[in-house]
Amino acid sequence: MSIKDFKFRPADLTVAPGAKITVTNNDTTTHTMTATKGKAFDTGDIAPGKSATFTAPSKAGGYPYDCTIHPFMTGTLTVK
Ligand SMILES: [Cu+2]
């Protein structure tokens, strides 16, 4: 998935448990993709033009996330 214009694309993503997810930041400012509860996943800072990969949780469910730098950037990762 990617980030562009302060939006996660797609914001809502469904993946298999334990899937590897790569996030590419196509903006000109740093972003993160961080689970809002329970530290389920966190890319840390992704600099402009860079990518980060994280592992989806192994437990099925819905995991809301945001960018810790820009909390208005939100989405939900669904594991099933
Ligand atoms: Cu951000």
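The values are calculated or read from the model by the stated rules, or taken from the named source; none is laboratory data. Everything quoted here is computed from the prediction, not taken from an experiment. Cβ sites come from the backbone with ideal geometry, for glycine too, and all protein chains shown count toward neighbours. What goes into the accessible areas is simple: the full protein's heavy atoms, side chains included, and nothing from ligands, DNA or RNA. Shrake-Rupley method; radii C 1.70, N 1.55, O 1.52, S 1.80 Å.
Scanning the range 41-66 for residues that are in a loop (DSSP other than H, G, I, E, B), under 11 Å from the mean Cα position of the chain (by Cα) and more than 16 Å from the ligand (Cβ to nearest atom) gives a single hit, A56. The condition (being part of a loop (DSSP other than H, G, I, E, B) and either within 15 Å of the ligand (Cβ to nearest atom) or open to solvent by less than 20 Å² (accessible area, probe 1.4 Å) (or both)) is satisfied by just one residue among I3, I69: I69.
Within the range 14-40, the residues that satisfy the criterion of being touching a Lys or Arg at 6+ places or on another chain (Cβ under 9 Å) and away from the ligand (no atom under 16 Å from the Cβ) are T14, V15, A16, P17, A40. Restricting attention to the range 23-45, the residues that are over 15 Å from R9 (Cα atoms) and open to solvent by less than 50 Å² (accessible area, probe 1.4 Å) total 7.
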